[in-house]
1. Are any residues in the stretch 272-284 part of a loop (DSSP other than H, G, I, E, B) and surrounded by fewer than 16 Cβ atoms within 10 Å (Cβ to Cβ), and if so, which ones?
2. So which of Gly87, Gly20 is out of contact with any Lys or Arg (no Cβ under 6 Å at 6 or more places or on another chain), surrounded by 13 or more Cβ atoms within 10 Å (Cβ to Cβ) and at pLDDT below 95?
3. Here are the criteria: (1) modelled with pLDDT of 95 or more; (2) under 27 Å from Asp216 (Cα atoms). Tell me which single one Val132 does not satisfy.
4. Taking the stated definitions as given, is Pro236 within 26 Å of Met321 (Cβ to Cβ) and surrounded by fewer than 16 Cβ atoms within 10 Å (Cβ to Cβ)?
5. I'm trying to understand the selection: among the residues of the stretch 150-180, which are part of a helix (DSSP H, G or I), under 23 Å from the mean Cα position of the chain (by Cα) and touching a residue at least 24 places away in the same chain (Cβ under 8 Å)?
6. Report those helices (runs of 4 or more DSSP H) wholly inside the stretch 302-367 carrying at least 3 residues which are free of Cβ contacts under 8 Å to residues at least 60 places away in the same chain and touching a helix residue (DSSP H, G or I) at 6+ places or on another chain (Cβ under 6 Å).
7. Give the residue, chosen from Thr112, Thr157, Thr171, Thr145, that is of a type in the set (S, T, N, Q) and surrounded by fewer than 17 Cβ atoms within 10 Å (Cβ to Cβ).
8. Which of the residues spanning the stretch 177-229 are among the small types (Gly, Ala, Ser) and surrounded by fewer than 20 Cβ atoms within 10 Å (Cβ to Cβ)?
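The values are calculated or read from the model by the stated rules, or taken from the named source; none is laboratory data. The structure displayed is predicted, hence computed values, not measured ones. Ideal geometry is used to build each Cβ from the backbone, glycine not excepted, and the neighbour counts take in all protein chains shown.
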Amino acid sequence: MHKPKRVIIVGSAYPLRGGGIATFNERLAKAYQDQGHYVTIYNFKLQYPGFLFPGKTQYSDEEAPENLVILNKVNSINPLNWRKTGGEIKALSPDLVIMRYWLPFMAPCLGTIARVIRKNNFTKLIAITDNVIPHEKRPGDKSLTRYFLKQMDGFVTMSQSVLQDLSKFDTKKPREYCPHPLYDNFGAAIPKKEAITALDLDPQFRYMMFFGFVRDYKGLDLLIEAFADKRLRDMPLKLLVAGEFYTDPKPYKELVKKHGLDDVIVMKNEFIPNADVSKYFSACDLVVQPYKNATQSGVTQVAYHFEKPMVVTNVGALPEMVPDGKVGYVTNTDAGEISEAILDFFENSREKEFLPHIRQEKKKYLWSNMIASIDSLLDQLP
């Protein structure tokens, strides 16, 4: 048992919505606190300038998480703030600073904060790297990422593909692979009938679901094309799309119209608050992640929590996390293959067959494993 540490997590948290990243950071902080450590989250007071943010609002109107110390300190575009924040953390001399890295845009800010903290010659800096090569590439990405990674003492990746990508930037510093832990903070499942009523869905249909922010790399267009398969159209089946558009919705709406799917696709295109997540997962029978590229996905871990079978594409860590034929299906990024998987699930009533495997598989994804991976890195440092 390690002695209690003073831990600071630098990254998104309440009141920022931040999607899965904010939820992850808050859940990680709670896991550390449950082990007796002292945790503070240094959150962004400005995460993205308004013109760069693709959604409607960056802020949550939900209740603040209980028993977490969250300080809104970091301004992603102000170099004076980076040095001030770094100096403040440096003076606190925490045992450990954990930084979430998911986008090269954040590299100057997070890298500079880390560079200042390092000067106390005491604090260890570990990065949890969601991506080191972004899904949507831009000029300068590599040099920005290199700057950030240079300031870190070690790395945790949540997919083997990111572990391999990391080697393109650094081969010497210690690194650990730890699968994305379970999102178990959305409450328990509720009866399907109750969830369908709460979401005002038609109870005569079964539902498959695309969940999360809609971005082009997530392949919603592939799923719409797959759902145009006449065999699926002839079933009492609807597609529930639950998530805000972070890209132009027009091509997707045109695709729905082209295939005449308006009456069987339910678009809930808004940010889904944490309090409503259980309703959506309880209402659906199957979660579909038709991503064109990916590293890992928090949606997978929400599906595991609610014990829902999945269809995922063979990209990033998705096939590592969803054993084909046991907890769901792994397909190529092909609309025809996706439709065949969906058809097999509903035609052959695979839910009961998959459920025992889902319950067994989800045991792998404990938050204590993430902390153990970080501890392993710390043990390798001088």
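1. Going residue by residue through the stretch 272-284, those that are part of a loop (DSSP other than H, G, I, E, B) are 272-273, 284.
The one that is part of a loop (DSSP other than H, G, I, E, B) and surrounded by fewer than 16 Cβ atoms within 10 Å (Cβ to Cβ): Pro273.
2. On the way: Gly87 fails: at pLDDT below 95.
Among Gly87, Gly20, only Gly20 is out of contact with any Lys or Arg (no Cβ under 6 Å at 6 or more places or on another chain), surrounded by 13 or more Cβ atoms within 10 Å (Cβ to Cβ) and at pLDDT below 95.
3. (1)
4. Numbers: within 26 Å of Met321 (Cβ to Cβ): no; surrounded by fewer than 16 Cβ atoms within 10 Å (Cβ to Cβ): yes.
No, not satisfied.
5. Of all residues in the stretch 150-180, those part of a helix (DSSP H, G or I) come to 150, 160-166.
With the extra rule that they be under 23 Å from the mean Cα position of the chain (by Cα), the set shrinks to 160-166.
Gln160, Ser161, Val162, Asp165, Leu166 - these are the residues of the stretch 150-180 that are part of a helix (DSSP H, G or I), under 23 Å from the mean Cα position of the chain (by Cα) and touching a residue at least 24 places away in the same chain (Cβ under 8 Å).
6. On the way: elements: 318-321, 335-347, 351-361.
No helices (runs of 4 or more DSSP H) qualify here.
7. Working: Thr112 fails: surrounded by fewer than 17 Cβ atoms within 10 Å (Cβ to Cβ); Thr157 fails: surrounded by fewer than 17 Cβ atoms within 10 Å (Cβ to Cβ); Thr145 fails: surrounded by fewer than 17 Cβ atoms within 10 Å (Cβ to Cβ).
Answer to the check: Thr171.
8. Initial filter on the stretch 177-229 (among the small types (Gly, Ala, Ser)): 187-189, 195, 198, 212, 219, 226, 228.
The answer is Gly187, Ala188, Ala189, Ala198, Ala228.
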